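The values are calculated or read from the model by the stated rules, or taken from the named source; none is laboratory data. The shown structure was predicted, so the numbers you read here are calculated from the model rather than taken from an experiment. For neighbour counting, all protein chains shown are included, and Cβ atoms are generated from backbone atoms with ideal geometry for every residue, glycine included.
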Amino acid sequence: MDLPKDKHTLPAPARPAPAVGPSAGEVVGFLKRNPDFLIEHPELLAVLTPPELDRGERVVDMQHFMLQHQRNEIARLKTQNKSLVATTRATLMGQARVHGAVLAIIGAQSFEQLIQIVITDLATLLDADVVTIAVERQGGPRARMPHHGIEIIEPGTVAEFLGSERDVAFQTDIHGDARLFGAGAGLVRSAALVRLPVGRSAPAGMLCVGTRKPGKFQAGQGTELLSFLAHALGITIAAWLDLPA
């Protein structure tokens, strides 16, 4: 005997139709319309099964294509590695030079020797041509410093080159400024200008490093080592002149 059907019984939900991917013909048609698809998506080469090597006319050699792709990738990685090694070597060399410069500075036996180290030894240690200390004058007429390599500059000159926020400025392709480099300005085509923190009571100043090679100093280079050098020099100058920190 059949049981009566419940009039409130809901019909069974329809099963979703199975997803149907593109046919082989559609894939072939897509690839024909987009011949650069594998070049734009090289990751597919790792999962595709290449055909057997065949040099017949109009037959694509997928194995050759994959091999060429791998060679290109290896060449790219080698170039990238060489660039990284060169950058690392340059960084280590710069670090060693700055460390040597700091040791020379703190090893000075007098203030006069300290200034001599800055304008002569630092040029050699930093692979530069001209190194000076530029100091803003404080009132009165512009004085002539008894030490060669110390340039007296007008108040506000440090802010002109460094502003109020940064401590290091790189000049890439210039004609050296005589205010900063004095008689050696004609040699300077690239420069690094570093704020010199001597003390609150001392006038504003900069360590000026110039080279005859354009592009020696340029935007993007690290500034930490030069800042460290300037801080070491500032502390040493303050100690010799008995200036408060």
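The helices (runs of 4 or more DSSP H) located wholly in the stretch 108-190 that include 2 or more residues which are polar (S, T, N, Q) occupy 111-116.
The requirement of being surrounded by 14 or more Cβ atoms within 10 Å (Cβ to Cβ), touching a helix residue (DSSP H, G or I) at 6+ places or on another chain (Cβ under 7 Å) and closer than 23 Å to Pro244 by Cα is fulfilled somewhere in the stretch 158-178, by at least one residue.
Residue-by-condition table, conditions (1) at pLDDT 70 or above; (2) within 30 Å of Thr236 (Cβ to Cβ):
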site: Leu10; (1), (2): no, no
site: Glu40; (1), (2): yes, no
site: Asp54; (1), (2): no, no
site: Ile74; (1), (2): yes, no
site: Leu84; (1), (2): no, no
site: Leu103; (1), (2): yes, yes
site: Ile106; (1), (2): yes, yes
site: Gln109; (1), (2): yes, yes
site: Glu112; (1), (2): yes, yes
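Selection within the stretch 129-162: residues that are among the small types (Gly, Ala, Ser) and modelled with pLDDT of 90 or more. The member of this set that is farthest from the chain's Cα centre (by Cα) is Gly156.
Restricting to the stretch 185-212, name every residue that is under 23 Å from Gln138 (Cα atoms) and more than 21 Å from the chain's Cα centre (by Cα). Full working, then the answer.
Going residue by residue through the stretch 185-212, those that are under 23 Å from Gln138 (Cα atoms) are 193-208.
Matches in the stretch 185-212: Leu196, Pro197, Val198, Gly199, Arg200, Ser201, Ala202, Pro203, Ala204, Gly205, Met206, Leu207.
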